[in-house]
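The values are calculated or read from the model by the stated rules, or taken from the named source; none is laboratory data. Remember, it's a predicted structure, so these values are computed and weren't measured experimentally. We place every Cβ from the backbone using ideal geometry, glycine too, and count neighbours over all the protein chains shown. Quick note on the areas: whole protein, heavy atoms, side chains included, nothing else; ligands and nucleic acids left out. Shrake-Rupley method; radii C 1.70, N 1.55, O 1.52, S 1.80 Å.
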Amino acid sequence: MKVLIFLLKKLLFVILITAIFPFTDLIAQTVEIPVMEVVTVDHSDRKPVITWSVNDPASITGYSIKRLIFEYPFVVPMTYHTIDTIEDPYIMSYKDETDVFGEAVPGQHFEKYFVVAFNIIGTDTFLSYSDKHQTMFLQTSYEYCEKGNKLIWNKYIGWGNEFNKYEIYCKINSGLYSLIGSTSSQTDTIFFHSNVNYDTDYMYYIKALRSDAVESLSNESSVYTQSINLPVFLNSDSLTVDIDNNVHLFFELDIYSDVDNYVLYKYNSQTFEYDSITGHQGNEIRNIEFTDVDFEFNKINYYFSAAKDYCNDIVYVSDTMSNIFIEAEEANDERKKNYIKWESGQINSEYLIYRCIEDHCSGIENTCDVNYTDDIQDIFYNQFINGTTSGRFCYYTEFSDAGYLSRSNLACVNQEEVYFLANSFNPYSKIEENRTFKPKIAFVSDYTLIIYGNFGNKIFETNNPNTGWDGTFPDGSLAPRASYLYFISFKNAYGKQVKKK
């Protein structure tokens, strides 16, 4: 409706101009052709301004301004339409403030124009039309990884060989514009502003210059150089080796960081460099775990974790952590002893040694050495009173410092079973130890003792090494003085079934 009202308000020659477009070469030759000087963007109101010239304005009745319409209801997209008419031939400049066919928006895309000069003689209207000129549409983006702002614009159209250069202007925050660069080719429409500051507002525009210093300005385009929250810590929490000699590495993340890419690095003794071996994506949880499928528990392995930003650049590195490799063996000594030694990447460190018997582990010694002899003589003798152990002793050691923990692999050593058995006993002995028949036995498991009579009848059975036969039958009566058969079975520390009779 707005377009219709506009057309009705114009004179008949305006309607005729629109009706006969496109025009014929015969009519166009009768009117001086207007020369488009420039189309530019007025930064004060972001509107396009068109300027043209003619030598003899008196020979012209007026001008029609044609704009390329990108999209509008009931209008074929990307076609030219009259947006206004100037009836004073001496006015040769026009600011596009009309909303006919929609407003001009040079900050969203380029705007393209040409001017039609017309001369009315009687009932005839004669036309000529200028070249088309197009504004520069500038777009800017912050390239975090390249640490700069990228500027792209479409080339200025209309000057042909008279084009001279582009100049790039920038202002920072609320400062003043200054020239930061230029390009000399009309098709060179990309510029990179490097070494920009984080968290800063940048505003840009492009100035195109003709050889005679006529200039055209692009739209203004702003960009904010948003920084990311880098991690302020990446803690190495622990490195532990489980019973199956698998390694587990734990790190504490800064969950308030924008970084969500973490990589585990392992030292390569052949290349003398650290190689990335696995990664973790996300920072929703405070603690993450890495594993190393190629972990060799019997050597020292060195690791660290690195936080990487969106550009895959390392922005924070944890402390280096390493495993402890421990070995255990039976000491060559008359007393019952186990010898433990270990290797570690930690220097001048204090270690806590743990001993494990029957799945129960307890700390037994703090030491700054890297070896230890465990005297188990008391454990050996205690078996004759309070029950046997399997004879399998396992050890591991820990290093801890300022919240970091490194736990070694589990190293085990087997003590040979010990077995003493008398060939007689006296239920009436004054010595309590001689009143029952039982072996003195140590470092065994799955123990069974059975006593048989002369006719193969079972007289006594127990699974407790500390419980012996007191010489009575199952009915409680005392067995006569005689020879009896015993049968003992047990497993030693190696898991071998041993039988004695």
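Condition first: outside any strand (DSSP E or B) and either under 60 Å from the mean Cα position of the chain (by Cα) or over 22 Å from ASN434 (Cβ atoms) (or both). Now tell me which residues in region 459-501 satisfy that.
Of everything in region 459-501, those that are outside any strand (DSSP E or B) and either under 60 Å from the mean Cα position of the chain (by Cα) or over 22 Å from ASN434 (Cβ atoms) (or both) turn out to be ASN463, ASN464, PRO465, PRO474, ASP475, ASN492, ALA493, TYR494, GLY495, LYS496.
Evaluate region 378-396: report whether one residue or more is closer than 23 Å to PHE297 by Cβ, surrounded by fewer than 17 Cβ atoms within 10 Å (Cβ to Cβ) and of a type in the set (D, E, K, R).
For region 378-396, residues closer than 23 Å to PHE297 by Cβ, surrounded by fewer than 17 Cβ atoms within 10 Å (Cβ to Cβ) and of a type in the set (D, E, K, R): absent.
Taking region 437-480, which residues are surrounded by 16 or more Cβ atoms within 10 Å (Cβ to Cβ), in contact with a Gly (Cβ under 9 Å, 6 or more places away or on another chain) and of a type in the set (Val, Ile, Thr)?
VAL444, ILE459
Can you pull out the residues in region 81-100 that are out of contact with any Gly (no Cβ under 9 Å at 6 or more places or on another chain) and open to solvent by less than 30 Å² (accessible area, probe 1.4 Å)?
Selection gives THR82, ILE83, TYR94, ASP96, THR98, VAL100.
Could you grab me the full set of residues in region 238-258 that are over 17 Å from the mean Cα position of the chain (by Cα) and either open to solvent by 40 Å² or more (accessible area, probe 1.4 Å) or of a type in the set (Val, Ile, Thr) (or both)?
Listed by number, the residues that qualify are THR240, VAL241, ASP242, ILE243, ASP244, ASN245, ASN246, VAL247, HIS248.
Could you figure out which of (1) part of a strand (DSSP E or B); (2) of a type in the set (Val, Ile, Thr); (3) more than 19 Å from TYR372 (Cα to Cα) isn't true of ILE326?
If we test ILE326 against (1) part of a strand (DSSP E or B); (2) of a type in the set (Val, Ile, Thr); (3) more than 19 Å from TYR372 (Cα to Cα), just (3) comes out false.
Of everything in region 286-327, what is more than 24 Å from ILE353 (Cβ to Cβ) and among the polar types (S, T, N, Q)? Give them in sequence order.
ASN287, THR291, SER305, ASN312, SER318
Within region 51-72, does at least one residue satisfy the condition of being over 17 Å from VAL31 (Cα atoms), among the aliphatic types (A, V, I, L, M) and buried (at least 20 other Cβ atoms within 10 Å of the Cβ)?
The answer is no; no qualifying residue exists.
Of all residues in region 343-362 being more than 21 Å from PHE297 (Cβ to Cβ) and over 39 Å from the mean Cα position of the chain (by Cα), which is surrounded by the most Cβ atoms within 10 Å (Cβ to Cβ)?
Across region 343-362, the extreme among qualifying residues is ILE357.
I'd like the residue in region 114-163 that is polar (S, T, N, Q), part of a loop (DSSP other than H, G, I, E, B) and open to solvent by 30 Å² or more (accessible area, probe 1.4 Å) and, out of all such residues, is nearest to SER211 (Cα to Cα).
That would be ASN154.
Filter region 160-176 down to the residues that are within 28 Å of ASP199 (Cβ to Cβ) and without any contact (Cβ under 8 Å) to a residue 40 or more places away in the chain and list them by number.
ILE168, TYR169, CYS170, LYS171, ILE172, ASN173, SER174, GLY175, LEU176, listed by residue number.
Of the residues that sit in region 277-292 and are without any contact (Cβ under 8 Å) to a residue 24 or more places away in the chain and out of contact with any Ser or Thr (no Cβ under 8 Å at 6 or more places or on another chain), which one is most open to solvent (accessible area, probe 1.4 Å)?
GLN281
Condition first: in a loop (DSSP other than H, G, I, E, B) and of a type in the set (Phe, Trp, Tyr). Now tell me which residues in region 246-299 satisfy that.
Step one: list which residues in region 246-299 are in a loop (DSSP other than H, G, I, E, B), which gives 246, 253-260, 269-272, 282-286, 292-299.
Matches in region 246-299: TYR256, PHE272, PHE295, PHE297.
So, in region 199-223, of the ones that are exposed (fewer than 13 other Cβ atoms within 10 Å of the Cβ) and touching a Phe, Trp or Tyr at 6+ places or on another chain (Cβ under 9 Å), which residue ends up nearest to VAL49 (Cα to Cα)?
Going through the qualifying residues, I end up with SER211.
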